[in-house]
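Take a look at the structure below.
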Amino acid sequence: MSTFVAAERRVEGDERRIVTAPAEGWTTLGLVALLSLTFAWSLDDAAWVLGRPGLTSFLPWAVLLGVGWGFLSAKAGWSRWLAHLLGAIFGVLIVGVIVGSVLVGEGWTPGTAFVATADSTVEAWFDLTRRGLAFTQQVGHFMLVLGLLGWATGQFAGYATFGHRRPLGATVLVGAALLVNMALTRHDQFAFLVVYSLAALILLIRMHAVEERATWLRHRIGDSGALAGLYLRGGTVFVGAAVIASLALSSSVSAAPLSGVWRGLDHRFADLGRQLERIFRSGGSGRLNVVDFGSSATITGAWQTDSTPILQIKVPDGGHYYWRAVAYDQFDGRTWSWSAPSASDVGGGTPVLGGSADDPTGLQARHPLTFSVTELDQSPDAIFAPDVPLSVSTQSRIELTGTGANGFFAGWTSDATSYDVTASVFIDGEIDPANGITANKLKVAGTDYRAALTARYLQVDPRAIGPATKQLLEAIRAKHPDARTPYEIARATTDYLLREGGFRYEADVRGQDCGGAGVVECFARYKAGYCEHFASTMAILLRMQGIPSRLAEGFLPGPQAADGTQLIRKSSAHAWVEVFFPGYGWYPFDPTGGGVGRDRPPVEGPVVEPLPSASPTRSFGPDETDPRRTFRPPGSGGATGGGSTGAAGGPGSAALAVVAVLLALGVGGLAFIAWQRGPRGPVEPDRVYRGVVGVARRFGFGPRPNQTVYEYTDALGDLLPEARPNLSVVARAKVEVAYGKRALGPERLGALRLAQRQLRVALFGLLFRRRHGWSIRRRTRP
């Protein structure tokens, strides 16, 4: 008994010394902080928010504050649930202020910073719900989520180490988070993994020494301090040697850890990424290398592909065709997407665009041609066809922007891995000048544009342009003063971006500091980018001059074998521009420089007379008042469609919000009733007792190994006097059945069931009890 009391006094003495130093030592706290910081540094280095590291530079501070909270709440003796609940509340407040300080910049105060974060979050919600936008331009909510993720990681690591004395849980969580982020980014983050490994291994050794020291003291095994020092020194040397050996092995085996994590990933995962992109406007360089053509395409800081074969196409005439998968009409400065998308299933051989705005009936200089396509490993689900798609030999799904006679081609998908696709392609004017497409025919095509066309393909979001974009437009006009027709302007823009304006092809432009400028404005400023930068800039420049244009994505033409077969590789993924010409449809232009593009202007051809036009030809000068050149979100009225001029959303959204709240309350009430009523199966005393212990342990009030059933339930009854009768019922039933081998009658089992139901709610009162006081009472209880 004297040994036990002496040990207890030493424990109490250690608790009194916590005021100046934790029993585990300040070094342990430093290791937990370093361990958690590797995750924060990894997130910051990935630059997930718009590709700008400066927007996430606060993450290390958020993680450190989370570690501090976990440490202090553990030393205060709070239960796990109370510590994490209060930590979540304070985390939102503190991280919200930190994020707001980044958004506001100089001169911020806690109040203005928190309001800035709240405003950004609310605006993001309105963008995606009440305003009906496809994407949100706000980033404050994204920064807040990353900050809270860092805070939560640090808080868990701190509390698990100092509260539960389980550093393994902290190392596993932080390590898993670090590895996931490393797997998602192409940045070299191997150094973070090395630092994490050192901190994690030394932390585990140190905490094990702390736990073993109590055993050495209890069994009087030598000088506990000397033994602990020897243990730590030996463990540190072992960790250092192990990490150095691992580094040597890694450098000799592979220079790119985790490089193949996403190999073979299904394209549906990429679609999930697009859905998240609606909410979180990322910009980091992801490792996910999947060629995927979906409802949107966000332009990031790098264009990354490889030489994996992806398509094999039999071309019957040996022509030069761009293999288009999708075409986008809406651009918000960083992301192309479909506005008002609609989809329909079509059977094999059925015309897909009949009756739509892209119906090929009546288009000139075209003829139908059938291509045999075989999709190879890791190919996307899209159907690839040049120019105007007509039909495919298998069941498919056609995507339009708009519906019916106002619907334009957006995308085409099928689950088939091989198919014959028929398209209406241009006749080569060099081979057949009379019937083929020529430059002179496009010059005189006119500007008889349908209202549905101009409403969709002349939109210019003000966020997409800026001073540099307007200067670029003036430079092109000065270089080509004689360009008057839409074709001449499109050709002049292509030539300027391709070779005359000093633009460079660079697949990685993450080093550009564009601030909040859009992709086009940034490209016009730095004159460096890849195909999506070139094509987006040209499309916007043409729209600014009243010329309908869209961004198309797919594959460049590949090298052609003697039998007409083209092998298309993933590295041929490309983006280009399509411009609409009345009477001829969409014609491709490729302004990408650096030897990447495959632009082939049509032959000049003989002079032809202009096509008859039902409307006067419009001038192609700058027209800042043209309503078709102003972007309007859906529902805002104007050229893009009707709608109320009042506040966005209207009463319908408020009613839906009220319904959602009522449904949530109803579901919560039903869940509470179900919880209170408890299970309806047979009642077993041992299982009921284990359930009581399990709930209490989650709140930090588990039993000691040497505590009897009666002692434990009696101690819980001291904390929860109102639950004492039910606890007594459970304890008696447990002892009589487990130790007395008695069988309880129906009346006793009914009382046990009732006690179980009531305890399932009453035990939640432990959340508001101090675990520190509970520990002292149960140690000193006779």
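Once you order the gyration tensor axes a ≥ b ≥ c over the Cα atoms, which shape class does the range 491-592 get: rounded for a/c under 1.5, otherwise prolate or oblate by comparing a/b with b/c?
Oblate is the answer for the range 491-592, as a/c is 1.5 or above yet b/c matches or exceeds a/b.
At 1.4 Å probe size, put 184, 311 in order of accessible surface, largest to smallest.
184, 311
Keeping all protein chains in place, calculate the accessible area per residue for the range 424-508 (probe 1.4 angstrom), answer in Å².
Solvent-accessible surface per residue comes out at 43 Å².
Using the Cα gyration tensor of the range 109-206, with a ≥ b ≥ c the square roots of its eigenvalues, what is the shape: rounded (a/c below 1.5), prolate (a/b larger than b/c) or oblate (neither)?
In terms of gyration-tensor shape, prolate.
Provide the per residue accessible area, probe 1.4 Å, for the range 334-391, rounded to a whole number of square angstrom.
37 Å²
Around residue 372, what is the net charge, scoring Lys/Arg as +1 and Asp/Glu as -1 over all other residues with Cβ under 14 Å from its Cβ?
-3
So what's the gap between the Cα centers of the range 357-405 and the range 471-502, to the nearest angstrom?
The two parts, judged by their Cα centres, are 31 Å apart.
Whenever you get a sec, line up 598, 324 from highest to lowest accessible area (probe 1.4 Å, protein heavy atoms).
Values: 598 95, 324 10 Å².
So, going from the largest accessible area down, we get 598, 324.
Enter the Cα centre distance for the pair the range 289-351 and the range 521-577, rounded to the nearest angstrom.
Centre-to-centre distance over Cα atoms comes out at 11 Å.
How do 592, 422 stack up against each other in accessible area, from largest to smallest, with a 1.4 angstrom probe?
So the residues, ranked largest to smallest area, are 422, 592.
Could you check how much of the accessible area of the range 453-535 is carbon and sulfur, as a whole percent, using a 1.4 Å probe?
Solvent-exposed carbon and sulfur of the range 453-535 make up 49 percent of the total.
On a C-alpha basis, how far is the centre of the range 727-767 from the centre of the range 93-144 in Å? Whole number, if you could?
Rounded to whole Å, the Cα centres lie 51 Å apart.
The values are calculated or read from the model by the stated rules, or taken from the named source; none is laboratory data. None of the values given here were measured: they were computed from a predicted structure. Neighbour counts are summed over all protein chains in view; Cβ atoms, including those assigned to glycine, are modelled from backbone coordinates with ideal geometry. Remember, those area values only see protein heavy atoms, side chains included, never the ligands or the DNA or RNA. Shrake-Rupley method; radii C 1.70, N 1.55, O 1.52, S 1.80 Å.
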